[in-house]
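Student: Structure provided below as structure tokens; questions to follow.
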């Protein structure tokens, strides 16, 4: 099972120095036919039974492929021009580190001299074992503490060394650059351009003040997109199925997306997370100043992510409401609400 929630998907949207085969940029997966998908699996000496199920993932293409007399595998085909080969292998290495530390994650299968990244017909791909589970509702003390322990263990490993080929979450690449892209490519309706520009300028100023108040915080290897849609829950507890957005950044990036509700509710939820988290890794409370700032950056980044993918035919079909006047009106209101929240004191922690 592989699920991506399009309304929350973070997905890196800029070229990471891709150094592999090229495909048509406007329709990057147009040549990824069922025959190529099945051939990719069979090229690794896994006999397909011909069953093929497309799973919900917009940034990449992910399929469940049936295997003769065995459990199906998950085939992930990476979007061309997004990550370098080094960056993908760095992600795989991080997942393997976590797995070897007995943390419940799903590493890619290894083939041919322990190779995890493969290529066919101009597409890079990896295979993963199929993992069961359901997307959870992260609520209540027990689940929040469990998630806190889970993420704390990931961060304890993530802090041991740094990514070299993958980016760092910062204001420049999650705020300034996405904003510039939207302006330069005329995605903002003319009648809302002035309001959007003034609002996002104020929002980014508030983000910078939040980072200033937080001071120096440690940057570590993160999951990067830690929302419930990337978590599967079984009787044995939670596990992550996708580290595609792994990057360097502050620990709170992997925590704030599990919070919801008003200020009081989020404070209670966060303290439950911390009960579990601090069992395995320390938390710098100064990072609470970044909570609403990171939420604001994600909102800006998300709009630019869809805009960059708008020439991919899958995106207009999946997001028909994007780029309407109503969409940008809602974004302006959303950012104004975030400005108010960033000017408040952060939520409390024990």
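Student: Go through segment 257-266 and give me each residue that's over 20 Å from the mean Cα position of the chain (by Cα), in contact (Cβ under 8 Å) with a residue 40 or more places away in the chain and under 13 Å from residue 140 (Cα atoms). Talk me through it step by step, then tell me what you get.
Tutor: Within segment 257-266, the first condition is being over 20 Å from the mean Cα position of the chain (by Cα), and the residues that meet it are 261-266.
Remaining after also requiring in contact (Cβ under 8 Å) with a residue 40 or more places away in the chain: 263, 266.
Listed by number, the list holds a single entry, 266.
Student: Go through (1) part of a helix (DSSP H, G or I); (2) closer than 14 Å to residue 168 by Cβ one by one and return the number of the condition residue 248 breaks.
Tutor: (1)
Student: Okay, moving on. Quick one: what pairs do we get from segment 165-191, first residue more than 28 Å from residue 253 (Cα to Cα) and not assigned by TED's automatic domain parsing to the domain that holds residue 217, second surrounded by 15 or more Cβ atoms within 10 Å (Cβ to Cβ) and at pLDDT below 95, C-beta under 7 Å, 6+ apart or different chains?
Tutor: If the second residue must be surrounded by 15 or more Cβ atoms within 10 Å (Cβ to Cβ) and at pLDDT below 95, no pairs are left.
Student: Just to be sure, is residue 38 at pLDDT below 95, out of contact with any helix residue (DSSP H, G or I) (no Cβ under 9 Å at 6 or more places or on another chain) and not assigned by TED's automatic domain parsing to the domain that holds residue 225? Let's see the steps before the verdict.
Tutor: Numbers: at pLDDT below 95: no; out of contact with any helix residue (DSSP H, G or I) (no Cβ under 9 Å at 6 or more places or on another chain): yes; not assigned by TED's automatic domain parsing to the domain that holds residue 225: yes.
For residue 38, the condition - at pLDDT below 95, out of contact with any helix residue (DSSP H, G or I) (no Cβ under 9 Å at 6 or more places or on another chain) and not assigned by TED's automatic domain parsing to the domain that holds residue 225 - is not met.
Student: Report, by residue number, each residue of segment 211-225 that is surrounded by fewer than 22 Cβ atoms within 10 Å (Cβ to Cβ) and touching a helix residue (DSSP H, G or I) at 6+ places or on another chain (Cβ under 6 Å). Spell out how you get there, then give the answer.
Tutor: Start the filter on segment 211-225 by keeping residues that are surrounded by fewer than 22 Cβ atoms within 10 Å (Cβ to Cβ), which leaves 211-219.
Result: 213, 214, 215, 217.
Student: Does residue 138 meet the test of being at pLDDT 95 or above and in contact with a helix residue (DSSP H, G or I) (Cβ under 7 Å, 6 or more places away or on another chain)? Write out each step before concluding.
Tutor: Details: at pLDDT 95 or above: no; in contact with a helix residue (DSSP H, G or I) (Cβ under 7 Å, 6 or more places away or on another chain): yes.
Considered against the rule, which asks whether it is at pLDDT 95 or above and in contact with a helix residue (DSSP H, G or I) (Cβ under 7 Å, 6 or more places away or on another chain), residue 138 comes out as no.
Student: Could you please find all residues in segment 116-127 being touching a residue at least 60 places away in the same chain (Cβ under 8 Å), crowded, with 16+ Cβ neighbours inside 10 Å and part of a strand (DSSP E or B)? Full working, then the answer.
Tutor: Just the residues of segment 116-127 that are touching a residue at least 60 places away in the same chain (Cβ under 8 Å), to begin with: 118-125, 127.
This time we only want the ones that are crowded, with 16+ Cβ neighbours inside 10 Å, so: 118, 120-121, 123-125, 127.
Once the filter is applied, which keeps residues that are touching a residue at least 60 places away in the same chain (Cβ under 8 Å), crowded, with 16+ Cβ neighbours inside 10 Å and part of a strand (DSSP E or B), segment 116-127 yields 118, 120, 123, 124, 125, 127.
Student: Among the residues of segment 158-200, how many are in contact with a strand residue (DSSP E or B) (Cβ under 7 Å, 6 or more places away or on another chain) and part of a loop (DSSP other than H, G, I, E, B)?
Tutor: Step one: list which residues in segment 158-200 are in contact with a strand residue (DSSP E or B) (Cβ under 7 Å, 6 or more places away or on another chain), which gives 158-159, 162-163, 166-169.
Imposing the further condition that a residue be part of a loop (DSSP other than H, G, I, E, B) reduces the set to 159, 162-163, 166-167, 169.
Residues that pass the stated criteria total 6.
Student: Just need a number here: residues in segment 38-95 that are in contact (Cβ under 8 Å) with a residue 40 or more places away in the chain, part of a loop (DSSP other than H, G, I, E, B) and more than 27 Å from residue 317 (Cα to Cα).
Tutor: Total satisfying the criteria: 7.
Student: Which one of these does residue 203 not meet: (1) over 15 Å from residue 343 (Cβ atoms); (2) in a helix (DSSP H, G or I)?
Tutor: Residue 203 satisfies all of (1) over 15 Å from residue 343 (Cβ atoms); (2) in a helix (DSSP H, G or I) except (1).
Student: Also, I was wondering about something else. If you go through segment 134-147 one residue at a time, do you hit one that is part of a helix (DSSP H, G or I), under 24 Å from residue 267 (Cβ atoms) and in contact with a strand residue (DSSP E or B) (Cβ under 7 Å, 6 or more places away or on another chain)?
Tutor: Looking only at segment 134-147, we keep the residues that are part of a helix (DSSP H, G or I), and these are 141-147.
Checking which are under 24 Å from residue 267 (Cβ atoms) leaves us with 141-147.
Retained after the next criterion (residues that are in contact with a strand residue (DSSP E or B) (Cβ under 7 Å, 6 or more places away or on another chain)): 146-147.
Yes, some residue in segment 134-147 is part of a helix (DSSP H, G or I), under 24 Å from residue 267 (Cβ atoms) and in contact with a strand residue (DSSP E or B) (Cβ under 7 Å, 6 or more places away or on another chain).
Student: Hey, another quick one. For residue 157, only one of the following conditions fails: (1) under 23 Å from residue 293 (Cα atoms); (2) under 24 Å from the mean Cα position of the chain (by Cα). What is its number?
Tutor: (1)
The values are calculated or read from the model by the stated rules, or taken from the named source; none is laboratory data. Given the structure is predicted, the values throughout are model-derived calculations rather than measurements. All Cβ positions, even for glycine, are placed from backbone atoms using ideal geometry, and neighbour counts span all protein chains on display.
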